[in-house]
1. Which of the residues spanning segment 159-177 are closer than 15 Å to Ile91 by Cβ and basic (Lys, Arg)?
2. Can you find a residue in segment 92-105 that is modelled with pLDDT of 90 or more and closer than 30 Å to Lys53 by Cβ?
3. Against the definition (aromatic (Phe, Trp, Tyr) and over 28 Å from Tyr76 (Cβ atoms)), how does Tyr120 come out, yes or no?
4. Restricting to segment 311-364, what's the tally of residues that are surrounded by fewer than 16 Cβ atoms within 10 Å (Cβ to Cβ) and among the basic types (Lys, Arg)?
5. Within segment 184-228, work out how many residues are under 22 Å from the mean Cα position of the chain (by Cα), surrounded by fewer than 13 Cβ atoms within 10 Å (Cβ to Cβ) and not in a helix (DSSP H, G or I).
6. For Glu70, only one of the following conditions fails: (1) surrounded by 13 or more Cβ atoms within 10 Å (Cβ to Cβ); (2) over 31 Å from the mean Cα position of the chain (by Cα). What is its number?
7. Could you list, in sequence order, the residues of segment 1-27 that are surrounded by 19 or more Cβ atoms within 10 Å (Cβ to Cβ) and of a type in the set (A, V, I, L, M, F, W, C)?
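The values are calculated or read from the model by the stated rules, or taken from the named source; none is laboratory data. This one's a predicted model, so the numbers in the text were calculated from it and none came from an experiment. Positions of Cβ are generated from backbone atoms using ideal geometry, with glycine treated the same way; all protein chains shown enter the neighbour counts.
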Amino acid sequence: MEKGTIIGKYEVKSTLYADEFQSVYICELLGLEDGKSFIVNEYTDEEIISETKDSFIYDKETLKLIETFESEGKFYAVFPGMIGAPLDAYISKHNLTISDRMYFADGIFKKFIEIDRLHYAMQHTLCDLKNLSVQSRRFFHFNNIFAFKKENLKADSTDVIKAIGHLLLCIFTNKVDAETEKDKDSLPPAILPITVKCIEGGYNSLGKAYADFRNTLIYSTFVDSGSLDNQIRGRMVRAQKKKKHAIPKAMAFLLILLILFGGGFWLIKNKDMITGPGKGISIIGKKNNPPIADFSISINKVYKDDEVKFIDKSVASNPGDVIKSRLWTIEKDGSVIMNSEKEFITYAFDETGEYRVSLIAQDSRGVHSKPFTHSITVLDKPVLPVDEIPSPDNSYDRK
């Protein structure tokens with residue numbers, strides 16, 4: 001379809017894909033010049049429409065679908081425009097570290113588990129390097145280019161897992177054209193059996209494949225909460241704090257030495273009060289249990305332009321520990337739109353759609369909680385009909 005063609009209220013800017021059954025366009029809204037783009041999937045084939053139409057409509061929230069409509073016998077599904085770099089282009093241009101590959105694989109597992117109830121043919125179509133965009137090592141976004149192949153309309157869960165296995169192969173070999181037999185030996189030993197088992201259809205669920213992935217030592221080393229990456233970041237932060245507080249700490253250390261020196265005379269004088277092994281009070285090392293993140297929300301049902309307050313309710317798990325710091329994250333369509341380290345945050349939701357609000361808490365010993373996440377659907381404000389607007393009460397004037 002030529003640039004400038006009108007589809008409903010959308011104007012075609014370019015064509016991403018086209019065959020005899022369907023086309024995918026990048027479009028903009030007519031009359032608007034804000035640069036905001038949309039992915040418009042157009043279907044002309046009756047079999048594809050019959051097989052997928054209901055899934056587009058009923059799984060609107062899961063897909064982040066903007067709208068569907070029909071015109072002149074064609075069916076259209078409209079999505080937000082692409083965000084970030086397509087995964088195939090990113091892999092081609094970057095030499096991924098093992099840490100990057102682990103984070104990418106973890107993000108893909110999570111992304112597909114989020115949509116596990118979606119029609120298998122649609123999941124299978126999303127299992128494509130071009131259909132995943134990289135926003136950071138931890139965040140992916142589906143590009144929603146639903147170009148179906150007739151032979152995949154009856155795909156099942158095993159077909160989806162096989163396709164995800166090929167994505168893992170491409171990531172861990174750093175090649176967009178990776179082949180199982182030729183390239184599988186380039187995978188880390190712990191990842192090789194999981195990837196091959198996915199590709200060969202050995203898993204009956206994606207959750208089981210992800211569980212095996214998480215149970216590897218390489219996962220705990222690079223991705224888990226106590227990972228090497230997090231330890232390095234933690235050490236860097238601590239080093240900066242040490243540098244900042246070097247002089248006060250030195251003074252405190254000297255003060256402690258003086259106290260200890262003076263206390264030595266007290267210990268000698270009162271040596272009978274010191275208990276022997278197995279007697280009296282013993283000091284037991286504390287276990288580093290992570291804190292538990294939690295927060296409250298000031299409004300249950302959120303409408304566009306509502307200002308919502310989120311208050312930290314996190315608690316430390318060990319006696320004597322307190323919550324010292326926190327990290328808030330607000331995401332929309334997979335994109336991080338706000339970060340904050342305040343005790344509570346206030347945010348005005350100026351657009352409708354699906355949002356995810358997450359909180360990670362850190363206690364006084366530097367132990368992080370698991371993220372506590374809450375999903376929020378922001379709705380359009382209801383408009384009262386004129387006949388339902390209450391009339392002013394003038395009874396006071398009628399004395």
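1. Lys175
2. no
3. Details: aromatic (Phe, Trp, Tyr): yes; over 28 Å from Tyr76 (Cβ atoms): no.
No.
4. Adding up the residues that qualify gives 3.
5. So the count comes out to 1.
6. Evaluating Glu70 over (1) surrounded by 13 or more Cβ atoms within 10 Å (Cβ to Cβ); (2) over 31 Å from the mean Cα position of the chain (by Cα) leaves (1) as the failure.
7. Ile7, Val12, Val24, Cys27
Here is a yes/no grid of residues against (1) at pLDDT 95 or above; (2) among the basic types (Lys, Arg); (3) in the same structural domain as Arg356 (by TED's automatic domain parsing); (4) touching a helix residue (DSSP H, G or I) at 6+ places or on another chain (Cβ under 9 Å):
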{"residue": "Leu29", "(1), (2), (3), (4)": "no, no, no, no"}
{"residue": "Asp59", "(1), (2), (3), (4)": "no, no, no, yes"}
{"residue": "Leu63", "(1), (2), (3), (4)": "no, no, no, yes"}
{"residue": "Lys74", "(1), (2), (3), (4)": "yes, yes, no, yes"}
